[in-house]
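First the structure, in the form of structure tokens, and then the observations on it.
The values are calculated or read from the model by the stated rules, or taken from the named source; none is laboratory data. Values in this document were obtained by computation on a predicted structure and should not be read as measured data. FYI the Cβ positions are ideal-geometry reconstructions off the backbone, even for glycines, and counts take in every protein chain you see.
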Amino acid sequence: MACTAEQRARWLHRLNIAVLVLLGPYALLSPAGAAEHLFGDARAGKVAALQDMSPPSGGSPLFSYQMLGTWWVAVALVSALGLGDPLKFSPVFLVQAGYKLVFLFTVIVPMLLKGRGAAFPLVPTVFFEGFLVPLFALTPWRYLMGSSATAGTNGDKWAAAKAE
């Protein structure tokens, strides 16, 4: 039996929470620990590409990890709300897919083309971009793109998408 759009969205919300409820606060509250344990040893320059994202004022490159942590916490919170109404909160998946694709094509691919792929930590990068697979497989695309919006009955324009 195939999963409905609502069930698929609920699985993605759960996956977001399971991963990001741990990583988000860690990166936010312990940016040095996140730099070392999640992305490699920042002091050894293994995450030079991420350090390039430090504030223009010359502030600490660890600021980037705190920004990432706030984003991950926010996505986890939206996904927690999504457990109650998975489709209503599924636009967070579009934002996740968008920023991961932008990162892939504006940071990772250019670095690989310049032969600097080793500058990026392999495991977190593969995990980060690998999350695109469940995102594309489980996102309720018809619901989000509105193709089912007018197929509902009894005035419920989303009934068909929820049953999909």
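Regarding region 72-92, can at least one residue be identified that is more than 21 Å from residue 3 (Cα to Cα) and not aliphatic (A, V, I, L, M)? The answer is yes, given that some residue of region 72-92 is more than 21 Å from residue 3 (Cα to Cα) and not aliphatic (A, V, I, L, M). Filtering region 71-84 to residues that are surrounded by fewer than 20 Cβ atoms within 10 Å (Cβ to Cβ) and of a type outside the set (A, V, I, L, M, F, W, C) leaves only 84. Within region 98-127, which residues are under 20 Å from the mean Cα position of the chain (by Cα) and at pLDDT 85 or above? 98, 99, 100, 101, 102, 103, 104, 105, 106, 107, 108, 109, listed by residue number.
Of the residues examined, residue 93 is one that is out of contact with any strand residue (DSSP E or B) (no Cβ under 7 Å at 6 or more places or on another chain) and touching a residue at least 40 places away in the same chain (Cβ under 8 Å). Which residue is modelled with the highest pLDDT, if the candidates are limited to region 128-164 and must be in a loop (DSSP other than H, G, I, E, B), of a type in the set (D, E, K, R) and surrounded by 13 or more Cβ atoms within 10 Å (Cβ to Cβ)? Out of the qualifying residues, it is 164. When region 7-19 is filtered for residues that are surrounded by 20 or more Cβ atoms within 10 Å (Cβ to Cβ) and touching a Ser or Thr at 6+ places or on another chain (Cβ under 9 Å), the ones remaining, listed by number, are 8, 9, 12, 13, 16.
How many residues does region 86-99 hold that are out of contact with any Asp or Glu (no Cβ under 9 Å at 6 or more places or on another chain) and either surrounded by fewer than 16 Cβ atoms within 10 Å (Cβ to Cβ) or of a type in the set (A, V, I, L, M) (or both)? Number of matching residues: 8. For region 115-124, state whether one or more residues are free of Cβ contacts under 8 Å to residues at least 12 places away in the same chain and either closer than 20 Å to residue 12 by Cβ or not aliphatic (A, V, I, L, M) (or both). Yes, some residue in region 115-124 is free of Cβ contacts under 8 Å to residues at least 12 places away in the same chain and either closer than 20 Å to residue 12 by Cβ or not aliphatic (A, V, I, L, M) (or both). Scanning region 64-114 for residues that are charged (D, E, K, R) and part of a helix (DSSP H, G or I) gives a single hit, 100.
Of all the listed residues (50, 77), the sole one being modelled with pLDDT of 95 or more, closer than 20 Å to residue 99 by Cα and more than 12 Å from the chain's Cα centre (by Cα) is 77.
Only one residue in 38, 22, 68 is closer than 14 Å to residue 124 by Cβ, surrounded by fewer than 16 Cβ atoms within 10 Å (Cβ to Cβ) and at pLDDT below 95. Which one? Write out each step before concluding.
Numbers: 38 fails: surrounded by fewer than 16 Cβ atoms within 10 Å (Cβ to Cβ); 68 fails: surrounded by fewer than 16 Cβ atoms within 10 Å (Cβ to Cβ).
Every option except 22 fails the conditions.
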